[in-house]
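The block underneath contains the structure these notes are about, expressed in structure tokens.
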Amino acid sequence: MKRANLFITVLFVAFSLQAKAQTSQPLKLSGYLQTDQRILTKSPNDWVWNENRLSLQLEKKISGKAKFYSEVWLRNIGIPKVTTASDLYNKGIIDPWNLEIREAYVQLYGFLTKNLDVTIGRQRIAWGTADKINPTDNLNPYDFEDILDFGRHRGSDALNLHYWLSANASFQVVYLPFFQPDNLPIGIFADIFSSPVNLSFPEGMTLQNITTRVNAPKYNLKEGSTLGVKYKGMISSFNFSLSYVWGWDGLPMLTDNTFTLADTLGGVNINSILSYHRRHIFGADLAGNIGGVGVWAEAACFVPVNEVVMTTDLSALFPGTPYPVIYRSTELKKQAYFRYVVGGDYYFKNNGYLNVQFLHGFVNESGRGNLNDYLFLRYEQKFFNDKFKICPLSGAVVVSNWHDIKHNYAIVYMPEISYMATENTEISVSGLLFNGKGNDLFASFNGYDMLLFKMKYSF
Amino acid sequence: MQTLKFKLLTAIAILLAFATKPAQAQNASDILKKVDDVMYASKDMTAVNKIELTNRSGQKDYREATVAQKGTSYRIFRFTKPSSQAGISVLSLPDDIMYLYMPAFGKVRRISSSIKNQNFAGTDFSYDDMEAKPFMEKYTPKFLKEDAGYYYLELTPKSNQSAYSRVTMSVNKEHYYLVEMTYYDKGNHEIKVANYKFVKIGNYWNAEQITMKDLKKQHTTSLVMTDVKYDNGLTNDDFTVRKLQE
């Protein structure tokens with residue numbers, strides 16, 4: 001209901017702006033309708049993703065000095081999950097849908113001084129020069145809902161000041177007043193970020209229930225806010241930037257487990273707490289051309305403000321012991337760790353395009369020693385004046401332990417064919433094949449090979 | 001006496017033969033420089049480009065973009081139609097620096113200069129063809145011939161990265177605007193032909209319509225310039241990353 005109210009408010013603001021500034025450009029409505037369907041290739045071919053997304057984008061430029069922009073997603077997403085007769089009365093279960101404001105902001109150009117641009121409202125602040133996966137892109141929360149859409153972020157409510165020192169140099173300050181956590185994957189990959197629980201209890205004891213509480217930062221200016229600063233410049237035809245973020249990791253870590261006896265028959269309950277941690281992030285990136293090859297590099301140094309320790313209290317299971325039975329393990333040390341990307345791309349004369357990236361540390365990985373290596377590669381070939389595109393070579397190779405590659409690797413292959421059926425209608429069919437062993441994210445996709453169909457109509 | 005006269009005539013003929021070659025080379029450069037002067041006469045220009053693509057079976061697709069250009073090195077190209085491409089913008093700056101703005105990703109990306117190898121947005125023009133760089137900087141001209149209305153030149157690319165081995169060009173003798181260009185691939189096959197229609201707007205000759213035909217694919221792109229405005233007082237500040245994402 002709140003979301004619906006917010007949507008109506010955004011529409012009202014948009015139309016008010018239109019009414020008040022008749023001399024400025026009219027309100028522009030654009031967007032797209034996209035259907036995204038996926039099934040597993042393994043019999044009985046379970047349907048694993050059903051999304052019909054209507055993206056509505058409203059934009060209005062006001063006298064060349066300001067812009068209003070918003071993007072709203074109205075979606076039918078998910079498979080009907082009817083388990084009880086009462087579910088049949090619930091349209092939200094039979095036909096799940098949601099409404100989401102991705103962005104809604106006002107941008108003021110030349111605010112107070114001609115070199116300052118100010119953006120206020122929910123906005124996407126995309127930092128970094130790498131392709132899709134950017135270690136320095138840490139202001140907006142990750143949107144992990146569709147885990148296969150790597151690098152997707154939600155918009156954040158923010159104040160964004162961008163001061164242009166010259167055509168090629170600028171200084172940016174971003175303030176996010178409150179913390180917005182990452183949202184986790186849904187569907188078959190819902191548990192992908194949960195560590196596998198491998199518990200062995202003393203004889204006669206069985207696990208009854210696990211409850212997990214999330215300890216989020218308080219929503220006040222002191223505790224929940226995030227600050228980011230960035231300097232962009234150019235040296236010898238290479239664009240570069242240096243950045244700093246004082247913010248939260250949007251993915252929580254397990255910090256407390258308390259075991260309690262549920263009954264006298266040996267049943268055990270576990271009460272867990274997930275907590276977020278604050279960190280300093282120092283970033284740098286660059287992009288340019290070497291001999292016609294586009295090149296980029298991007299690195300971020302993450303420094304946790306505090307050590308993250310997990311406490312496991314087993315005292316209730318050992319009532320006879322005179323002291324509390326508590327184990328402590330360090331989940332994240334207070335030491336710097338680096339995620340980085342280096343990559344390049346090249347456009348061939350035959351309308352082919354090659355993009356290669358090497359990545360150290362995926363978006364969900366943190367802590368020195370926990371970062372895996374990824375090689376992403378994509379070759380596209382366009383035909384018939386860009387109407388038809390094939391990607392015969394697209395995927396990733398992952399190594400999570402170089403000393404034992406045989407048991408710690410993943411290979412992802414994602415061939416794709418797309419066709420522009422009309423100027424505004426794109427149809428694509430792709431496959432996703434996984435093979436791997438070990439604990440990395442992609443290896444855990446093993447067994448979920450799938451076929452994907454997408455159709456997008458832009459208006 | 002006859003022998004001496006013959007020798008003198010021969011000497012004059014040889015002298016003339018040697019003398020005409022540099023004169024023609026000079027002539028070709030002069031002509032090409034004048035073509036550049038016509039093409040880039042204004043300080044700046046803004047226009048709307050209406051692009052019509054026609055395939056071999058006659059099916060048509062349309063694109064529309066606004067273009068702003070200053071001198072021979074600064075240009076912003078923004079697609080406004082079709083909806084699937086609307087908002088995609090390309091900024092070209094000196095030293096082959098190019099940026100691409102994709103609204104869907106909300107950020108500006110530096111583009112590899114190898115993109116010049118490719119067709120521009122599905123048209124029959126390559127990024128290289130669309131570049132606002134003077135011909136004299138890109139090609140070495142050679143005079144081929146002339147007739148009552150036109151000069152004919154052959155241009156050889158200075159860069160070995162060019163997709164073409166040579167380009168032939170016909171130029172209007174009176175006003176020095178382009179009439180036709182024929183492009184040859186590295187195997188010296190005729191691959192594309194561009195026809196130009198110039199009209200005078202104020203003090204400047206404007207390429208109102210350019211039709212590029214890909215001879216192999218039998219695909220044609222017609223680019224019509226409308227709402228052309230010259231000398232708008234654009235500065236380098238109008239061709240920045242800041243402007244690209246506005």
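The values are calculated or read from the model by the stated rules, or taken from the named source; none is laboratory data. None of the values given here were measured: they were computed from a predicted structure. All Cβ positions, glycine included, derive from the backbone under ideal geometry; neighbour counts span all protein chains shown. Surface accessibility is based on the protein's heavy atoms, side chains included, excluding ligands, DNA and RNA. Shrake-Rupley method; radii C 1.70, N 1.55, O 1.52, S 1.80 Å.
Assorted remarks:
- Residue tally, condition open to solvent by 50 Å² or more (accessible area, probe 1.4 Å) and over 21 Å from A:Phe383 (Cα atoms), over region A:421-443: 4
- Just one residue in the set A:Ala14, A:Ala21, A:Ala4 is crowded, with 18+ Cβ neighbours inside 10 Å and either modelled with pLDDT under 95 or over 25 Å from the mean Cα position of the chain (by Cα) (or both); that residue is A:Ala14.
- Flag if A:Phe240 is in contact with a strand residue (DSSP E or B) (Cβ under 8 Å, 6 or more places away or on another chain), at pLDDT below 95 and of a type in the set (Phe, Trp, Tyr): no
- Scanning region A:438-459 for residues that are outside any loop (DSSP other than H, G, I, E, B) and polar (S, T, N, Q) returns A:Ser444, A:Ser458.
- Residue in region A:224-236 that is under 30 Å from A:Tyr347 (Cα atoms) and either touching a helix residue (DSSP H, G or I) at 6+ places or on another chain (Cβ under 8 Å) or surrounded by 19 or more Cβ atoms within 10 Å (Cβ to Cβ) (or both) present: yes
- Checking every residue in region A:426-437 against the condition of being more than 25 Å from A:Ile188 (Cα to Cα), at pLDDT 95 or above, outside any strand (DSSP E or B) and within 14 Å of chain B (Cβ to nearest Cβ) gives zero matches.
- The listed residue being open to solvent by less than 30 Å² (accessible area, probe 1.4 Å), in contact with a strand residue (DSSP E or B) (Cβ under 7 Å, 6 or more places away or on another chain) and modelled with pLDDT under 95, out of B:Ala194, B:Ala163, B:Ala207: B:Ala207
- Given (1) more than 14 Å from chain B (Cβ to nearest Cβ); (2) at pLDDT below 95; (3) open to solvent by less than 20 Å² (accessible area, probe 1.4 Å), index of the condition A:His277 fails: (2)
- Among the residues listed as A:Leu33, A:Leu40, A:Leu27, the single one being more than 20 Å from the chain's Cα centre (by Cα), more than 13 Å from every other protein chain (Cβ to nearest Cβ) and farther than 24 Å from A:Ile188 by Cβ: A:Leu27
- In region A:370-406, the residues that are open to solvent by less than 60 Å² (accessible area, probe 1.4 Å), not in a strand (DSSP E or B) and not hydroxyl-bearing (Ser, Thr, Tyr): A:Leu371, A:Asn372, A:Asn385, A:Asp386, A:Lys387, A:Asn401, A:Asp404
- Filter result (of a type in the set (Lys, Arg) and either open to solvent by 50 Å² or more (accessible area, probe 1.4 Å) or touching a Leu at 6+ places or on another chain (Cβ under 6 Å) (or both)) within region A:92-114: A:Lys114
- Checked against (1) in contact with a strand residue (DSSP E or B) (Cβ under 9 Å, 6 or more places away or on another chain); (2) touching a residue at least 60 places away in the same chain (Cβ under 8 Å); (3) not acidic (Asp, Glu), A:Phe193 passes all but condition (1).
- Filtered residues of region A:354-369 (kept if away from every other protein chain (no Cβ under 14 Å), in a strand (DSSP E or B) and open to solvent by less than 30 Å² (accessible area, probe 1.4 Å)): A:Leu359
- Wholly within region A:148-226, strands (runs of 3 or more DSSP E) carrying at least 3 residues that are farther than 29 Å from B:Val241 by Cα: A:206-215
- Reported count of residues in region A:323-353, each being surrounded by 20 or more Cβ atoms within 10 Å (Cβ to Cβ), more than 14 Å from chain B (Cβ to nearest Cβ) and either among the polar types (S, T, N, Q) or closer than 17 Å to A:Lys389 by Cα (or both), is 0.
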